[in-house]
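Comments concern the structure below.
The values are calculated or read from the model by the stated rules, or taken from the named source; none is laboratory data. Note that the structure is a prediction, hence the values are computed from the model and not measured. Cβ placement follows ideal geometry from the backbone for every residue including glycine, while neighbour counts extend to all protein chains displayed. Surface accessibility is based on the protein's heavy atoms, side chains included, excluding ligands, DNA and RNA. Shrake-Rupley method; radii C 1.70, N 1.55, O 1.52, S 1.80 Å.
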Amino acid sequence: ALAEADHTIKAINDTITVYGVENNMLGDFEDGIDRRGSLTPFDANMGPVRPIKFAWGTRDPVASRADSQDPLNDPDDINYYDVGNNGDGIDSWATYRLDIDPVQDWSGFSQVEIKAAANLSYECFVVDATSGRTSLGTKSGTITTLNLPGSSALVDEVIAIELRYYESGITPGGSDRQHLHHIRLVP
């Protein structure tokens, strides 16, 4: 509520989501589907993409920060999605985008670490408000560490990080599932 100068009380209906960052974590997906994330095909030539979903790593079917640090006995919660190849022979792509708001300065960091299932390869981009999109490289694997650009001008107003999945990396007519465990910055 807001108290006006004339002593009237006015309800405030605006809401904002504030994401606390711990251990330089950009997204750890422990609270369910991260609303900052989106998955979109580039064009109609991209095989089917399915909505982002959530899976929990605890014995209880709820989002939980109580996950242990022992992934073999109690794995962490994830966001997951499916990306397909429609078999038309045109190599299109789909992009998972994690929006960063407010804008962040990553010039004090050297790398981005992405923990994801190893079944899909991706090209990772950092998106700067002024400099635009910069590729960090193409990787696959359970834990991938990518170097941030050497020029601080490319990462001093970061608004998003993107993972691009190309159809050519998926069996024609098939689809693959990506499990995202976390995305974090490394000093």
Exercise for review: Out of the residues in segment 73-104 that are in contact with a helix residue (DSSP H, G or I) (Cβ under 8 Å, 6 or more places away or on another chain) and open to solvent by 50 Å² or more (accessible area, probe 1.4 Å), state the one that is nearest to HIS181 (Cα to Cα).
Suggested key: TRP93
Review point. If you go through segment 127-134 one residue at a time, do you hit one that is assigned to a strand (DSSP E or B), open to solvent by less than 20 Å² (accessible area, probe 1.4 Å) and under 22 Å from THR40 (Cα atoms)?
Key: yes
Check your understanding: When segment 105-126 is examined, which residues are found to be open to solvent by less than 50 Å² (accessible area, probe 1.4 Å), more than 18 Å from GLY169 (Cα to Cα) and without any contact (Cβ under 8 Å) to a residue 60 or more places away in the chain?
Key -> VAL126
Exercise for review: Scan segment 135-168 for residues that are open to solvent by 60 Å² or more (accessible area, probe 1.4 Å) and either among the hydroxyl-bearing types (Ser, Thr, Tyr) or not in a loop (DSSP other than H, G, I, E, B) (or both) and jot them down.
Suggested key: THR138, LYS139, SER140, THR142, ILE143, THR145, ASN147, SER152, TYR166, SER168
Check your understanding: Pairs, please: C-beta under 6 Å, at least 6 apart or cross-chain, first residue closer than 17 Å to THR95 by Cβ and part of a strand (DSSP E or B) and in segment 24-46, second open to solvent by 50 Å² or more (accessible area, probe 1.4 Å) and of a type outside the set (Gly, Ala, Ser)?
Key -> LEU26/ARG184; SER38/ARG97
Check your understanding: Within the set of pairs 6 or more residues apart or between chains, which connect a residue that is among the hydroxyl-bearing types (Ser, Thr, Tyr) inside segment 144-170 to a residue that is not in a strand (DSSP E or B) with Cβ atoms less than 7 Å apart?
Key -> SER152/SER107; TYR165/LEU120; TYR166/ASP91; SER168/ASP91
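Just one of THR8, THR15, THR40 is over 15 Å from HIS181 (Cα atoms), open to solvent by 60 Å² or more (accessible area, probe 1.4 Å), among the β-branched types (Val, Ile, Thr) and modelled with pLDDT of 90 or more; which is it? Steps first, please.
Working: THR8 fails: modelled with pLDDT of 90 or more; THR15 fails: modelled with pLDDT of 90 or more.
Within the list THR8, THR15, THR40, the selection yields THR40.
In segment 88-103, which residues are within 15 Å of the chain's Cα centre (by Cα) and not charged (D, E, K, R)?
If we filter segment 88-103 for residues that are within 15 Å of the chain's Cα centre (by Cα), which is where we start, we get 94-101.
Matches in segment 88-103: ALA94, THR95, TYR96, LEU98, ILE100.
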Practice item. Answer yes if at least one residue in segment 54-65 is open to solvent by less than 50 Å² (accessible area, probe 1.4 Å), in a loop (DSSP other than H, G, I, E, B), at pLDDT 90 or above and not polar (S, T, N, Q), and no otherwise. Key: no
